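Below is one structure, written out as structure tokens, with a few remarks after it.
The values are calculated or read from the model by the stated rules, or taken from the named source; none is laboratory data. The model shown is predicted, which means the values in this text are computed figures rather than measured ones. Here Cβ is always computed from backbone atoms with ideal geometry, including for glycine, and neighbour counts include all displayed protein chains. Heavy atoms of the whole protein, side chains included, go into the accessibility calculation; ligands, DNA and RNA do not. Shrake-Rupley method; radii C 1.70, N 1.55, O 1.52, S 1.80 Å.
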Amino acid sequence: MRLARVLFQASQKVTTGIVGLPVNPAARTQLIGLYKQTLDELKAKIPEKAVYRQSVEAITTYRLKVVEENEDPSLIEKLINSGQVEELVGQAEDEIQLIAKMAEWKAWEPLEEPAPPRQWEYFKKAALTE
């Protein structure tokens, strides 16, 4: 019994190693809820053809699948490869706030005024001549 307790405590994360970011023992459960909320918000507020929605849906759907299929936080972190689970919670909360802003800005709509000629041509280099 004592050995099992020692092994259990050894497997628990003690610190994130990031100042001001405490360990979140319920991060997995929280992530599942946040990822589902993100998908719901996207469907309610952003048009299907918007590139932003398509990108966020793809990333969030993948992350939700990873979190639902794995209970080990270190495996979740490894598979998602975007930080610790505590950081993923912050990223998901930020994305939900960004969805509201994107809906307000309607970034998928055409520009109110046409862009000046060549505005979108960045850093084009002249052809090399010898």
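Table for the structure above
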| quantity | calculated |
| --- | --- |
| Selected from Val89, Val19, Val66 as most flexible by GNM, with the chain as the system and alpha-carbon contacts under 10 Å | Val19 |
| Cα long-axis angle, helix 51-69 against the chain (0 to 90 degrees, to the nearest 10) | 10 degrees |
| Carbon and sulfur %, accessible surface of the chain computed with the full protein complex present, 1.4 Å | 56 percent |
| Acute angle (nearest 10 degrees) that the helix 85-105 long axis makes with the longest principal axis of the chain, alpha-carbon atoms | 30 degrees |
| In segment 66-108, the GluC sites (Glu not before Pro) that fall in loop regions by DSSP, at most 12 other Cβ within 10 Å | Glu71 |
| Virtual spin-label span in nm between Val51 and Lys78, 7 Å along Cα→Cβ | 3.5 nm |
| Between helix 2-11 and the chain: long-axis angle, C-alpha atoms, 0 to 90°, nearest 10 | 10 degrees |
